[in-house]
Amino acid sequence: MHLKYRPTLLASIAHFALFICVFILFFARKYESLRFQAISDYFPDFHLHISNFAIAYLLISGIGFLWLIVGLRFWKVLLLGIAVVLFNYLYEYVLPWLNTRDALDAHYGFWGSLLAIVEMFLISRYGLRENKYESK
């Protein structure tokens, strides 16, 4: 696979740290030992809706990061993010297969998508360097 760009150390660490934090939030739905009491105190239903946030974030940031380092432009990552948001709202409001309609789930998905899109924008703008080693 040809990698047109390589991420800077800061971009790699930030991406990995956010990815791990969102994974922990996702698994905290099931494992109470991973839950943060401060979040539960302020948002009692937080862990009921965090899966939409996590899935949207992990999908966009995982695919988007790979797309950026192989040379795809940010606007394609943005289109992916918009598609994820639209599908999430469509699924939560119009297509309730195996699901109950829940606007709050859709909103959590929106915020997860927004976090991933902002992260991918910052990485595309400041966190990529040309991969000199791959071009030889």
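Among the candidates Asp45, Asp105, single out the residue that is farther than 30 Å from Lys132 by Cα and touching an Asp or Glu at 6+ places or on another chain (Cβ under 6 Å). Result: Asp105 is the single residue among Asp45, Asp105 that is farther than 30 Å from Lys132 by Cα and touching an Asp or Glu at 6+ places or on another chain (Cβ under 6 Å). So which residues in the range 46-68 are surrounded by 22 or more Cβ atoms within 10 Å (Cβ to Cβ), within 19 Å of Pro7 (Cα to Cα) and among the hydrophobic types (A, V, I, L, M, F, W, C), if there are any at all? Listed by number, the residues that qualify are Ile60, Phe65, Leu68.
Against the definition (touching a residue at least 40 places away in the same chain (Cβ under 8 Å) and over 23 Å from His2 (Cβ atoms)), how does Tyr42 come out, yes or no? Here the answer is no, as Tyr42 does not meet what is asked. Here Val118 clears all of (1) surrounded by 14 or more Cβ atoms within 10 Å (Cβ to Cβ); (2) free of Cβ contacts under 8 Å to residues at least 12 places away in the same chain except the condition numbered (1).
Between Asn88, Asn99, the distinction of being of a type in the set (S, T, N, Q), surrounded by 14 or more Cβ atoms within 10 Å (Cβ to Cβ) and either modelled with pLDDT under 85 or in a helix (DSSP H, G or I) (or both) belongs to Asn88 only.
Checking the range 27-45 against the condition returns no match, with no residue being buried (at least 16 other Cβ atoms within 10 Å of the Cβ) and assigned to a helix (DSSP H, G or I). Of the residues making up the range 62-85, those that are in a helix (DSSP H, G or I) and more than 17 Å from the chain's Cα centre (by Cα) number 1. Summed over the range 110-128, the residues that are under 12 Å from Ala11 (Cβ atoms) and either of a type in the set (Val, Ile, Thr) or modelled with pLDDT under 95 (or both) give a count of 1. Scanning the range 107-136 for residues that are aliphatic (A, V, I, L, M), outside any strand (DSSP E or B) and touching a Leu at 6+ places or on another chain (Cβ under 9 Å) yields a count of 5.
The values are calculated or read from the model by the stated rules, or taken from the named source; none is laboratory data. Note that the coordinates shown come from a computational prediction; the quantities given were computed from them, not determined experimentally. Because the Cβ atoms are built from the backbone with ideal geometry, glycine has one as well, and the counts that use them run over all protein chains shown.
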